[in-house]
Amino acid sequence: GCGSGGSSGAAGDGKITMGFAQVGAESGWRTANTTSVREAAGKAGIELKFSDAQQKQENQIKAIRSYIQQKVDVIAFSPVVESGWDTVLKEARNAKIPVILTDRAVDSTDTSLYKTFLGSDFVEEGRKAGKWLVEEYGDSKDPVNIVELQGTTGSAPANDRKAGFAEVIGADPKFKVVASQTGDFTRAKGKEVMEAFLKSNPDIDVLYAHNDDMGLGAIEAIEGAGKVPGKDIKIITIDAVRDGMRALADGKINYIVECSPLLGPQLMDLAKKVVKGEQVPARVVTEETTFTQEQAKQALPTRQY
Amino acid sequence: MTTIPLTGGRQIPRKYLPVLVTAALFAAMFVAGGIRYEGFATGQIVLNVLIDNAFLLVVAVGMTFVILTGGIDLSVGSVVALSTMISASLVTGLGWPPLPVIALVLAAGAALGFAMGAIIHYFEIQPFIVTLAGMFLARGLCYTIGTDSVPITDETFTAFAQTRLDLVGEAWISPSVVIAVAVVLVAAYVLHYTRLGRNVYALGGSEQSALLMGLPVARTKIAVYTISGLCSALGGVLLSFYMLSGYGLHAVGMELDAIAAVVIGGTLLTGGSGYLLGTVLGVLVLGLIQTMISFEGTLSSWWTKIFIGLLLFAFIVLQRLGAVRRP
Amino acid sequence: MNAALRHRLFWPALVLVLLILLNVLFTDGFLSIQMRDGHLYGSVIDIFRFGAPLILVALGMTLVIATGGIDLSVGSVVAVSGALSCLWISGLDDQDSVGGVLAAVGLALALSLVLGAWNGLLVAGAGIQPIIATLILMVAGRGLAQLIADGQIITVNSDPYKLIGGGYLLTLPFGVIVVLAVLALTAFLTRRLALGLLVESVGGNAEASRLAGIRSRGVIVMVYTFAALCAGIAGLMISSNVSSADGNNAGLWIELDAILAVVIGGTSLSGGRFSLGGTVLGALIIQTLTTTIYSIGVPPETTLLFKALVVTVVCLLQSPAFRAKAFRRRGRPRATRPAAGEKARVPA
Amino acid sequence: MAAPDPILRVSGICKQFPGVNALTDVDFRLLPGEVHALMGENGAGKSTLIKVLTGVHDVDAGEIELAGTRVAFAGPLEAQRAGISTVYQEVNLCANLSVAENIFIGREPRRLGRIRWKEMRRRAAELLARLELDADVSAPLAACSPAVQQMVAIARAVAVDARVLILDEPTSSLDAGEVAQLFRVMRRLKEQGIAILFVSHFLDQVYEISDRMTILRDGRLVGEYLTAELSQVELVGKMIGKELADLERLDGKPKEPNEAAVPVVEARGLGRAGAVEPFTLAIHEAEVVGLAGLLGSGRTEVARLLFGADRADTGEVVIDGTPVPLRTPRAATGHRIAFCSENRRTEGLIADLTVRENIILALQAARGWSRPVPRRRQDELVEKYVRALKINPPDPDHLVKNLSGGNQQKVLLARWLIVEPRLLILDEPTRGIDVGAKAEIQRLVAELSDGGMAVLFISAELEEVLRLSHRVAVLRDRRLVAELPNDADLTTDVLMRTIASGARS
Ligand SMILES: Nc1ncnc2c1ncn2[C@@H]1O[C@H](COP(=O)(O)OP(=O)(O)OP(=O)(O)O)[C@@H](O)[C@H]1O
Ligand SMILES: Nc1ncnc2c1ncn2[C@@H]1O[C@H](COP(=O)(O)OP(=O)(O)OP(=O)(O)O)[C@@H](O)[C@H]1O
Ligand SMILES: [Mg+2]
Ligand SMILES: [Mg+2]
């Protein structure tokens, strides 16, 4: 019958069906995230319905609505943005399908709309980057000139990583962000923008890039200008993808804040519990760390992505 | 000579052929989806496509006017985003009541369209470029208002967003669908039963002839861009109902969806030929393609894109063949 | 002077000069060019270097637009070409082997040609409207690029490959040399040989061209193939410049910039007359604009406003109708300028 | 007859285009209730004067007065509102709209703002019936022949209550019956006191309908005359600025072609559903075959099939004894068949290209993109034909769209002459061409056929067909109904009778 819906609907054989609405495949990080979810689902014996929203919230809403129509057992998704989910989540609740958020929260005041939120905290990542910088320059009195490569204008990680970083370094007036521009999270843009920075700002001490890829592009620009990345200009990035870790181990990057995409196994555990109706914590933080050059050398051989 | 005989002796004018072929293919796609996916062949699927694409439909209606004159409007996606951003920041940020805000948003969209139309006509600059500048401008204004996504918690908005209008049985639609359908009907009336509408077709046929025939070319041209701006703003309002948020990154690339919908519906980009019904079908086809992909459920991100491309290809080629083959 | 003023590239050139002046005000030594490690170094060189892919794509786009078409898929072809060559190189035992790199380049360009021919056949053979025919590849091509790269960013470490987009030859950036070569080739094909006439004729009036005995289909397939080839080379440059291929982001929205460059350069989107020089100028304006935004510190939130402003100014300045009206407004009596005043372009 | 006050008076009009003085100090007046012919060679400035009058172009100097008050129209819309209704030289209608809409757009019958389609179609049908035109008013205009389109444009102009009616070469694509019909309408309007300005290159028509004429030469006023007081010879002399003696018409009938000549091109049972029924026709070396028939009888279709512009469903084309597939124009030009379309604006010229480029286009197309015609050779060829056809202005780098209508036609002709075809198909080549140039073209055709070229000649003017053709093929209702040798017995009357009765046989 149409009304039965929910947890017992499609899964006549007891197998759980999960609808997962991914943001897109806009970066290596995201791809690693997708792979992790897919593999974990396979291992956990969960049937996965996957859809790619190509970075558009409306597509994600459509996908979720179609999962409701298909009567999956549980819906998981990484919201493109925080706002605007109430309507469709209410529809899910009416259909008695539990929802798990991954990677990023929603700003709804009605917390009954989803069971739990699993993911990292972008503001905290920005703070971690800032803290390292404050410690690194703890003793010096000279002003520190920082340039910032932002992520895609308006995107949540860009906004939060910028805010967290600014919050920490704002305490000390010697830290000065002399230029800040978007590099769209890509290497090519990172390189292009950095070249322009290098021409218009002769003394740059620190580069803060919102992801590894822009940092890697910028390294090329710095080398092209005849400077030594990691020495003449200190570099902090976020993500810790393999290429970034390698550059860190090679001494070209000074510090990386990890943002782990490997949410799959945790997600599947939560999904099973939620479908069974067990209690789960409202917030599950992914295990993440930070890497210095030394730590990177050790971690590199076992990196999965 | 200008009609093709169909069985039963009725004559269907040749000019309706592209639209008919599109309709037939849409039906075929629906049936194919029903055979392939469980739970697909229900009326609610089509209604969901409408619910999820009401804003696109409204935007595409405006785009149809522009394309019928032989122009193009690339600014629609950004104007949609700007409308959500203005609505959200005024309603949530400043606590304005919803109705004046919506009126203001519609006026702003129409004004931007009017300005672009005037530049296009009086300074004889190609629409592609003027509306591209308009696209940059509107998107830039979004970011200037704010880079974060702004939630809308206003009661009127939420009530509107979460109302379900029940139809027969389980089927339901959202109020936005009603608005979109109303817009389509009004626009179809304007195109077929008013001078403005006929001037739009004449302009698309030949601007020079329209001028020499003494038609109000300036007024018509500016009007279509104003209409498109207005429709985009209304689309933005519907999108803010749909998303309950304002955000500068909403509706990125929607101009291409709108253009694709219009063209799939059989309207010629060179202007002068096409019907609104085609546009409606175009939007439905795009929506149905997306629905099929989420029912497929196993495609990786890149296969999703390839699959969309292939479906689009198959559809367009079949449509071409259907429209050309008949003698 | 008067002749220069009336030249159709005068106004875009003026805008370019103004943009450069703006940079000179904000950045010390903007115009200075130094010799560093045996190659030229400086902001102006950077504009050419980073602008190279855009110029290439825009050159191909010019011919497509001249036939009355449009190619939205170039950005995807950029991504596909970069992904394929990087995939091939990353699979080599010795990434520095010149033969291997050449094979990768050949493979990528061959695939680009195939993709271009596909577009051309859809437009000329199946008679599908160009914007929608190339939209298919625009969507699917990016998927193809990601499929080739398996969704990853493929990083390569190959010096010969690095040359294409990031290297120097005879003190000049290699990319600039490639652009000059392609420009020369295009100019030769279109202006020395008769391709240009045929393209302009097909774009000006397709039916009349057919009745004059022109194989318009062949011409159309050819220009789309050429556009894809240019995009393929641009894709190699972009991926070589950062030694990696990013299927999702490489060449994103480059089609819009390319179309913008073509139109700023004075080629009409409705087909017919085209100007290669104008296109190069248009692409340089766009690239200089981008560089300006970075170096004068326009905040990212307002970059688009800035871009909108510049595009509007360029187009207004370029529009004869605008200039006529602006001049008239300043109260110049009409009788002293008898040559102007054609109000509507109406053939006899 | 005491001259009433002129309804329209212009004085001292000057109009320059870049490089061309189109009008210099022209005075002109139009009286109510007269038909006033505006005469002049191709490029004399007739159309420009009309466009200046109706606000399409700005004037550089001079005044326009309508019924005694000074006016300066900002565009055709304003002129129309002031009571000047105009049919411009090239048919300027919207091909995508229906016939009825083209007549009524801008002033559709409405109720409460809603267009009354039925009423509109009814009125359109009525109007066309008055012009004795039988066309489906809801069919798109694009499906109609140029002649029908021309009649629709006229219908549009006469449908309004205008004080002034301007007709710029309305008869160039009409046949005798339709011209007569048009003249009947014009006379009726004249009686109602409407002033009519009429442009035509057919002198007989001008003498039949006009009361008064104004002659322009090279953009200057030659003078204003009463038609009754000016002989044809004097008129032509004033138009071209020299005596008619130079222009001796081709006399009588063409020379007999060589009997034994082989057919260059032969159509065997060639046909296309909905266009022409299968026909068989051979055209020999050094022979001119004329095609005669009423409007829409299928002459153009025959030509297009022979050129591969449309694909035939049945039959074959045999060239030099071997059947060849002619599926595209390119294939036809490969066999050195040339086709000069009747519709120069949509099927002939590339408006944005120069005279030179338009002239060498077909030659270049035949050589392919990789073998350009050397610049020197281009100059020679273009120079030669610009001079031979008196293309004006004689500047090869002039844009074709800025040429006068007649000169555009000459450019199109030149394009095909330089490829030296074996079969030249001319569809209405003399349309819109002034008397001098027309004689020139006729002489050229005769010369070419003497030189061995086969020519298929289509014209609505039967005299012209008779003067040039060795044989005349008659079409009626899309069927080839007769092939008549052009001997002493064949006259326009005989031809007319065949056209009228042929179908019944
Ligand atoms: N828009 C234009 N730009 C430049 N020159 C033009 C333009 N329109 C007309 N001319 C030129 O003005 C002159 C007069 O042209 P017009 O069309 O008035 O001649 P016409 O008397 O109507 O000739 P025809 O009998 O061939 O139609 C010609 O030399 C023509 O080349
Ligand atoms: N009554 C009609 N209804 C619809 N279309 C018509 C009609 N008569 C003619 N046509 C169209 O007009 C076009 C021209 O017809 P056709 O070539 O037979 O005329 P023609 O004999 O060359 O006469 P002309 O060249 O003087 O117009 C054709 O494409 C035909 O389809
Ligand atoms: Mg004329
Ligand atoms: Mg004809």
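Solvent-accessible area of chain A (1.4 angstrom probe, protein heavy atoms only): carbon and sulfur portion equals 48 percent. Our coupling estimate for the range A:178-190, obtained by passing each phi through the Karplus curve with A = 6.51, B = -1.76, C = 1.60 and θ = phi - 60°, is 7, 8, 9, 8, 7, x, 6, 6, 10, 5, 4, 5, x Hz, Gly and Pro reported as x. Both the radius of gyration and Dmax for the protein assembly as shown are 35.6, 119 Å, in that order, over alpha-carbon atoms. Residues A:272, A:231, ordered by accessible area of protein heavy atoms at a 1.4 angstrom probe radius and largest first, appear as A:231, A:272. When the alpha carbon coordinates of the range B:10-132 are projected onto the principal axes, the ranges are 50, 41, 26 Å, largest first.
Considering only C:211, C:195, C:284, the mean-square fluctuation computed in a Gaussian network model of chain C, springs between alpha carbons under 10 angstrom, is largest for C:211. Between residue A:234 and A:206, A:207, the built amide H atoms are under 5 Å apart, and every one of these is 5 or more places off in sequence or on another chain. What is the calculated FRET efficiency for residue D:208 to residue B:24, with r their C-beta to C-beta distance and R₀ = 56 Å, to the nearest 0.05? Efficiency for this residue pair is about 0.50. Per-residue 3J(HN,Hα) values for the range D:288-304, derived from phi via the Karplus relation 6.51 cos²θ - 1.76 cosθ + 1.60 with θ = phi - 60°, read 9, 9, x, 10, 10, x, 7, 4, x, 7, x, 5, 4, 4, 4, 4, 5 Hz in sequence order (x marks Gly and Pro). Taking 16 Å as the straight-line reach from the Cα of residue A:252, the lysines in range (excluding those fewer than 8 positions away in the same chain) are A:191, A:227, A:231, A:234, A:297.
Here is the P(r) of the range B:184-295: all C-alpha pair distances, binned every 5 Å from 0, give 2, 10, 15, 22, 19, 13, 9, 5, 2, 1, 0 in whole percents. If you run the Gaussian network model on chain C, springs between alpha carbon atoms under 10 Å, then out of C:204, C:75, C:91 the most flexible one is C:91. Approximating the spin labels as points 7 Å out from Cα along Cα→Cβ, the residue D:65-to-residue A:171 distance works out to 9.2 nm.
Between amide H atoms placed 1.01 Å from N, distances below 5 Å from residue A:20 occur with A:49, A:50, A:51, A:76, all of them 5 or more places distant or on a separate chain. Evaluated over the range A:51-186, the count of Lys pairs having alpha-carbon atoms less than 26 Å apart is 27 (only pairs 8 or more residues apart or interchain).
The orientation-averaged projection of the convex hull spanning the C-alpha atoms of chain C amounts to 20.8 square nanometres.
For a distance above 23 Å, tell me the whole-number percent of Cα pairs in the range D:8-241 that qualify. More than 23 Å apart: 49 percent of the Cα pairs in the range D:8-241. Across all Cα pairs in the range C:1-106, the calculated P(r) in 10 Å bins from zero up to the longest distance comes to 11, 22, 30, 25, 10, 2, 0 percent per bin.
Helix D:435-450 axis versus longest C-alpha principal axis of chain D: approximately 0°, rounded to the nearest ten. In whole percents, the pair-distance distribution calculated for the range D:13-135 from its alpha-carbon pairs, binned every 10 Å from zero, is 11, 32, 30, 20, 6, 0.
Bridging of residue A:43 to aspartates and glutamates at a Cα separation below 17 Å is possible for A:269, once same-chain residues fewer than 8 apart are set aside. Scanning chain D for GluC sites (Glu not before Pro) in DSSP loops with at most 16 neighbouring Cβ atoms within 10 Å leaves D:260-505 as the longest stretch between them. Each residue of the range D:216-227 is assigned a 3J(HN,Hα), and the resulting list reads 10, 9, 6, x, 10, 6, 8, x, 10, 9, 7, 4 Hz, derived from the Karplus form 6.51 cos²θ - 1.76 cosθ + 1.60 (θ = phi - 60°), x at Gly and Pro.
Near the amide H of residue D:17, within less than 5 Å, lie the amide hydrogens of D:22, all on another chain or at least 5 residues away, with H placed in the peptide plane.
Across the range C:35-308, the mean sequence separation of Cα contacts (distance under 8 Å, 6 or more residues apart), normalised by length, yields a relative contact order of 38 percent.
Helical runs (DSSP H, four residues minimum) scored at -39500 (n - 2.57) apiece and divided by the length of chain D put the mean residue ellipticity at 222 nm at -10000 deg cm²/dmol.
Note on residue A:199: aspartates and glutamates with a C-alpha under 12 Å away, same-chain residues under 8 apart excluded, are C:28, C:46.
The value for the range A:90-227 of Rg(Cα) / (2.2 N^0.38 Å) is 1.30. Structural descriptor for chain D: relative contact order 16 percent, calculated from alpha carbon pairs under 8 angstrom and at least 6 residues apart.
Of interest is the spacing of the C-alpha centroids, which for the range D:377-406 and the range A:167-203 amounts to 62 Å. Averaging the Cα positions of each part gives two centres, and for the range C:213-243 and the range B:185-251 these lie 35 Å apart. Report the normalised scattering of the range A:1-132 as log10 I(q)/I(0) at q = 0.09, 0.17, 0.18, 0.21 Å⁻¹, calculated by the Debye formula with identical scatterers on the alpha carbons. Rounded to two decimals, the profile gives -0.27, -0.91, -1.01, -1.31. Quick one: Debye curve from the C-alpha atoms of chain D, no solvent, what's log10 I(q)/I(0) at q = 0.06, 0.09, 0.11 Å⁻¹? Cα-only, vacuum Debye calculation for chain D: -0.29, -0.66, -0.99. Taking the longest Cα principal axis of chain D as reference, the axis of helix D:375-388 is set at about 60 degrees.
The values are calculated or read from the model by the stated rules, or taken from the named source; none is laboratory data. Just so it is clear, the structure is predicted and the values come from calculations on it, not from any experiment. As a convention, Cβ positions derive from the backbone with ideal geometry for all residues, glycine included, and neighbour counts pool all protein chains shown. Side chains included, ligands, DNA and RNA excluded: accessible areas come from the protein's heavy atoms. Shrake-Rupley method; radii C 1.70, N 1.55, O 1.52, S 1.80 Å.
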